[in-house]
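**Q** Dropping a structure here in structure tokens format, bear with me for questions.
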Amino acid sequence: MEVTDQELKIDLQKQGVLMTSLNELYNWGRKNSVWPLQFGLACCAIEMIAASMARYDLARFGAEVFRPSPRQADLMIVAGTVTKKMAPQVVRLYNQMAEPKYVIAMGACAISGGPFKQGYNVLKGIDRYLPVDVHIPGCPPRPEALLHAFMTLQNKIASQPLTGPARPRHLRAGAPSEFSVPQCGPHGLVPPSNPAVWRPPTAAQAG
Amino acid sequence: METLEEICFRIKTALPAARVEIIPNASPCGQRSLLLGREQGLAVATFLRDDPQLRLDYCSNVTGVDWLEPSLPQGFVQSPSSAGLKKEAGEGLGESGTGCLEAVYHLFSMAHKNGPVVLRLRTENRLAAVRLPSLTPVWRSCEFQEREIFDLFGIVFDGHPDLRRLLMWEGFQGFPMRRDYLVADDFECEPTPHGDVPKRMSPRQGCAEVIQKTATADPRV
Amino acid sequence: MRASDEAFFNFETGVNTYLPVLVLFLCAAGFALAPLGLAWLWAKRFSPTKPGPDKNATYECGLQSKWDARIQFKSGYYIYAILFLIFDVETVFMLPFAVVFHRLSVGGCLAMLFFLFLFLEGLLWAWKKGVLTWK
């Protein structure tokens with residue numbers, strides 16, 4: 001059924017007739033106007049800036065409008081090392097963004113703490129507090145990697161259904177829109193991770 | 001540029017009460033430094049800045065060092081009463097023999113276009129008596145760097161205009177750059193050559209435990 | 001029946017000539033309101049609203065606001081601002097003066113200098129009063 005519909009659509013498109021569904025139209029509009037939040041935390045931000053400039057031209061994907069206010073942004077690119085002192089602010093910024101909102105964790109520090117993983121003042125991955133949609137490894141990732149992450153995110157947005165149980169978080173009434181902001185405790189962040197978002201991996205027992 | 005011996009002599013001539021000592025450096029760079037006494041540290045610093053032949057008017061860098069219990073050279077018996085011990089043990093021995101915290105100042109002269117002269121100030125020990133005179137009144141550029149040393153090493157600078165934590169947040173406990181700092185063990189298991197993370201992981205459930213990090217055997221490594 | 005009324009109302013056809021304006025206004029209002037209504041209906045049907053304490057916060061830079069934004073400014077600030085404004089506006093008068101400067105008579109030039117003198121006097125008065133010293 002679905003397959004024939006797709007084939008029919010392609011056939012019609014060859015004849016110059018465009019067909020679409022409300023869901024596709026909605027996602028097409030959303031994926032081509034993802035506005036990132038304008039903030040950088042460390043050196044990865046330089047690569048993010050390079051990606052938005054003329055050579056790599058993030059504008060091709062409709063994402064050239066970096067918004068200085070979280071109210072107007074759809075995408076948070078966590079570009080760089082998240083220190084424990086900065087983490088509450090990052091989570092609060094995410095909370096202040098309007099739904100639907102997406103997160104790209106850019107670079108080794110943002111996805112896992114990177115070279116500072118065993119340090120005393122670096123959060124070991126922003127996915128401990130925020131639902132990350134796309135992770136980009138690299139130290140720092142090249143602008144092409146960010147573009148690839150962006151296209152991956154666009155594919156994700158395009159595949160999200162408008163109705164049904166598999167619909168994304170922002171279309172479900174019970175799903176949370178804000179995530180708990182960690183506090184700066186005497187030794188580190190309290191709690192060390194948000195169990196609703198992230199669980200520590202279980203250690204493999206040797207031998 | 002005068003040699004360190006000449007500078008040392010001039011300080012002692014101008015301020016007879018000052019305690020100044022030349023710390024040798026056995027490394028290839030051979031950059032020696034001046035160890036000042038705490039009590040006259042501020043007076044000596046003012047002299048170094050204002051003396052017309054020195055004019056060390058620019059402090060480029062302030063660093064903290066944590067000297068744990070030093071590993072003594074062979075053949076010496078560690079006893080604080082031994083007068084020769086302090087001299088022979090060289091770097092990093094506090095007065096009571098329990099190690100010390102140290103602030104290192106790198107001075108240059110913009111007027112004479114030379115430098116550096118390295119100053120050291122040592123606390124009495126590294127546990128309770130961790131006070132040093134602040135040199136911020138002499139060199140304004142010390143302000144943030146002394147704050148950072150206070151933040152990370154816990155040296156209390158007397159006379160500092162705004163001694164607060166700089167990199168860590170208010171309410172943080174401990175001084176992370178000290179060698180015996182208990183690091184918050186909030187990272188998950190991964191195959192790493194850096195230590196015994198898998199071993200620590202197996203018995204525990206939570207993620208926020210604080211486990212003592214083993215201090216390195218030789219503090220001067 | 002006065003002549004002016006005939007301009008608005010065509011007595012032969014009985015049509016008010018303001019009617020097209022009304023239609024245009026309704027169209028314009030429709031174009032403005034329809035997207036809002038559609039968005040409202042879309043939200044009703046598909047995406048539920050999710051307000052929260054962080055999302056509703058006034059300040060939007062990630063930091064928590066500590067106290068009210070409505071604070072008292074020092075009244076000295078306003079005197080300072082008014083002084084600046086007067087000299088700022090003065091340049092507006094200076095520009096036409098400068099443009100026609102070559103064709104100006106001596107009287108016109110003197111009048112402008114007098115005008116400037118008045119400002120200078122005011123500045124000296126404020127200076128003497130200590131307004132310019134920020135306390």
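**Q** How about region A:89-117: which of its residues are surrounded by fewer than 19 Cβ atoms within 10 Å (Cβ to Cβ) and within 14 Å of chain C (Cβ to nearest Cβ)?
**A** Those that are surrounded by fewer than 19 Cβ atoms within 10 Å (Cβ to Cβ) and within 14 Å of chain C (Cβ to nearest Cβ): A:GLN89, A:ALA98, A:GLU99, A:PRO100.
**Q** So is B:LEU119 within 12 Å of the chain's Cα centre (by Cα), farther than 22 Å from B:GLN40 by Cβ and surrounded by 15 or more Cβ atoms within 10 Å (Cβ to Cβ) or not?
**A** No; evaluated as a whole, the condition is false for this residue.
**Q** Which ones in region A:113-139 are without any contact (Cβ under 8 Å) to a residue 24 or more places away in the chain and among the basic types (Lys, Arg)?
**A** A:LYS117, A:LYS124
Residues are listed down the side, and each one gets a yes or a no for (1) farther than 30 Å from A:GLY119 by Cα; (2) surrounded by fewer than 16 Cβ atoms within 10 Å (Cβ to Cβ); (3) of a type outside the set (A, V, I, L, M, F, W, C):
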| position | (1), (2), (3) |
| --- | --- |
| A:LEU12 | yes, yes, no |
| A:VAL17 | yes, yes, no |
| A:TYR26 | yes, no, yes |
| A:GLU64 | yes, yes, yes |
| A:ALA79 | no, no, no |
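**Q** Then there's this: Which residue out of C:ALA34, C:ALA69 is of a type in the set (A, V, I, L, M) and either modelled with pLDDT under 80 or within 22 Å of A:PHE179 (Cα to Cα) (or both)?
**A** Going through C:ALA34, C:ALA69 in turn, the sole match is C:ALA69.
**Q** Within region C:69-86, identify whether any single residue is in a helix (DSSP H, G or I), of a type in the set (Phe, Trp, Tyr) and touching a helix residue (DSSP H, G or I) at 6+ places or on another chain (Cβ under 7 Å), and answer yes or no.
**A** no
**Q** Any idea which of (1) over 20 Å from A:TYR26 (Cα atoms); (2) at pLDDT below 90; (3) in a helix (DSSP H, G or I) is the one C:LYS44 doesn't satisfy?
**A** (1)
**Q** Next up: Hey, can you tell me all the residues within region A:167-188 that are surrounded by 15 or more Cβ atoms within 10 Å (Cβ to Cβ) and of a type in the set (A, V, I, L, M, F, W, C)?
**A** A:LEU171, A:PHE179, A:VAL181, A:CYS184
**Q** Looking only at region B:24-60, which residues are farther than 24 Å from B:ASP158 by Cα, touching a Leu at 6+ places or on another chain (Cβ under 8 Å) and among the aliphatic types (A, V, I, L, M)?
**A** Across region B:24-60, the qualifying residue is only B:LEU54.
**Q** Considering only region A:146-178, state which residues are within 19 Å of A:VAL134 (Cα to Cα), aliphatic (A, V, I, L, M), assigned to a loop (DSSP other than H, G, I, E, B) and in contact with a Lys or Arg (Cβ under 9 Å, 6 or more places away or on another chain).
**A** Residues satisfying the conditions do not exist here.
**Q** Please state which of the following conditions A:GLN96 fails to meet, knowing it meets all the rest: (1) over 21 Å from C:SER65 (Cα atoms); (2) in contact with a Lys or Arg (Cβ under 7 Å, 6 or more places away or on another chain).
**A** Going through (1) over 21 Å from C:SER65 (Cα atoms); (2) in contact with a Lys or Arg (Cβ under 7 Å, 6 or more places away or on another chain) one by one, A:GLN96 breaks only (1).
**Q** Would region B:175-185 turn up any residue that is more than 11 Å from chain A (Cβ to nearest Cβ), closer than 30 Å to B:LEU4 by Cβ and modelled with pLDDT under 90?
**A** Taking every residue of region B:175-185 in turn, at least one turns out to be more than 11 Å from chain A (Cβ to nearest Cβ), closer than 30 Å to B:LEU4 by Cβ and modelled with pLDDT under 90.
**Q** Now for a separate question. I'd like to verify a number: residues in region B:125-153 that are in contact with a strand residue (DSSP E or B) (Cβ under 7 Å, 6 or more places away or on another chain), surrounded by fewer than 20 Cβ atoms within 10 Å (Cβ to Cβ) and in a loop (DSSP other than H, G, I, E, B), how many?
**A** 3
**Q** Restricting the first residue to region C:27-46 and requiring it to be within 15 Å of A:HIS170 (Cβ to Cβ), which pairs with a second residue that is assigned to a helix (DSSP H, G or I) meet a Cβ separation below 9 Å and a spacing of at least six or different chains?
**A** C:TRP42/A:TYR26; C:PHE46/A:TYR26; C:PHE46/A:LEU171
**Q** Being within 9 Å of another protein chain (Cβ to nearest Cβ) and in contact with a Pro (Cβ under 7 Å, 6 or more places away or on another chain) is the filter; apply it to region A:171-182 and report the residue that is farthest from A:VAL91 (Cα to Cα).
**A** A:ALA173
**Q** Take the conditions in contact with a helix residue (DSSP H, G or I) (Cβ under 6 Å, 6 or more places away or on another chain), surrounded by 11 or more Cβ atoms within 10 Å (Cβ to Cβ) and of a type outside the set (A, V, I, L, M, F, W, C) and apply them to A:TYR56. Does it pass?
**A** yes
**Q** Taking region A:118-145, which residues are surrounded by fewer than 24 Cβ atoms within 10 Å (Cβ to Cβ), out of contact with any Leu (no Cβ under 9 Å at 6 or more places or on another chain) and not in a loop (DSSP other than H, G, I, E, B)?
**A** Within region A:118-145, A:VAL122, A:ASP127, A:HIS135, A:GLU144, A:ALA145 qualify.
**Q** For B:GLU209, state whether it is surrounded by 17 or more Cβ atoms within 10 Å (Cβ to Cβ), modelled with pLDDT under 80, out of contact with any His (no Cβ under 7 Å at 6 or more places or on another chain) and over 29 Å from B:GLU39 (Cβ atoms).
**A** no
The values are calculated or read from the model by the stated rules, or taken from the named source; none is laboratory data. On a predicted model such as this, the values are computed, not experimentally measured, just so you know. Don't worry about glycine lacking a Cβ; one is built from the backbone with ideal geometry, like all the others, and counts go over all protein chains shown.
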